[in-house]
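See structure below.
The values are calculated or read from the model by the stated rules, or taken from the named source; none is laboratory data. Since the structure is predicted, the reported quantities are computational estimates derived from the model, not experimental observations. Because the Cβ atoms are built from the backbone with ideal geometry, glycine has one as well, and the counts that use them run over all protein chains shown.
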Amino acid sequence: MFGELQVFPNRFQNAADALVLQKDMWAVAYLRQFQLHDLAKTGDSERRQLLVEYALEARNEKASGAVLDLTTS
């Protein structure tokens, strides 16, 4: 009915809930691309800073869903 499904366990998720996500409807949106900056030297060490701003983008919020309050018995 729904085609092939993949199940991925998530230890940070509530065990009574199941999230249904369509992977091609989610993306990483970069607000600021990766930038590498040199910082001040301390002795022989070379220090750098990596800057980036990004967010998780939902391309179609109706393509995903959740099944809540499942029982395990």
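Within segment 5-19, is there a residue that is in a strand (DSSP E or B) and surrounded by 10 or more Cβ atoms within 10 Å (Cβ to Cβ)? Even if it seems obvious, please write down each step before you answer.
Within segment 5-19, the first condition is being in a strand (DSSP E or B), and the residues that meet it are 18-19.
From the residues that got through so far, the ones that are surrounded by 10 or more Cβ atoms within 10 Å (Cβ to Cβ) too are 18-19.
Taking every residue of segment 5-19 in turn, at least one turns out to be in a strand (DSSP E or B) and surrounded by 10 or more Cβ atoms within 10 Å (Cβ to Cβ).
For segment 24-60, the set of residues classified as closer than 26 Å to residue 5 by Cβ, part of a loop (DSSP other than H, G, I, E, B) and in contact with an Asp or Glu (Cβ under 9 Å, 6 or more places away or on another chain) consists of 59 only. Considering segment 40-54, and only residues there that are surrounded by 10 or more Cβ atoms within 10 Å (Cβ to Cβ) and modelled with pLDDT of 95 or more, the residue that is farthest from residue 68 (Cα to Cα) turns out to be 51.
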